[in-house]
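The values are calculated or read from the model by the stated rules, or taken from the named source; none is laboratory data. Worth saying up front: this structure is predicted, and the values here are computed from it rather than measured. Quick reminder, even Gly has a Cβ in these numbers, built from the backbone with ideal geometry, and neighbours come from all protein chains shown. Areas reflect the complete protein model, heavy atoms only, side chains present, ligands, DNA and RNA absent. Shrake-Rupley method; radii C 1.70, N 1.55, O 1.52, S 1.80 Å.
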Amino acid sequence: AEDLDGPFTTALQSLAAELDVVLVAGLLERADDGRRVRNTVVAVGGAGIRAVYRKLHLYDAFGQRESDWVAPGEIAPPET
């Protein structure tokens, strides 16, 4: 996992600038608690991050506990 300004997103930004496009990709972002990750999707243009979505509803059912290793995102207005 890495921060949003880490090497993966930086490389996406460089590629988006080179191709003059907006790229949308998923990554595992470092969570604030230091032990979990966030399941994150970013939209990146040549000028930087344009939108971020962090998975809200984690799968905790039938013996699976996604919340043990994934931190939920916060409810926020949609970024379009």
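Summary of values
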{"read-out": "Residue count for segment 20-45, restricted to those that are open to solvent by less than 30 Å² (accessible area, probe 1.4 Å) and among the acidic types (Asp, Glu)", "value": "1"}
{"read-out": "Residues of segment 1-48 classified as of a type in the set (Ser, Thr, Tyr) and free of Cβ contacts under 8 Å to residues at least 24 places away in the same chain, total", "value": "2"}
{"read-out": "Cβ pairs under 8 Å, 6+ apart, first in segment 53-72 and touching a residue at least 60 places away in the same chain (Cβ under 8 Å) and more than 18 Å from residue 26 (Cβ to Cβ), second open to solvent by 60 Å² or more (accessible area, probe 1.4 Å) and outside any strand (DSSP E or B)", "value": "none"}
{"read-out": "Output for segment 46-80, where each listed residue is closer than 25 Å to residue 21 by Cβ, outside any loop (DSSP other than H, G, I, E, B) and open to solvent by 100 Å² or more (accessible area, probe 1.4 Å)", "value": "50, 53"}
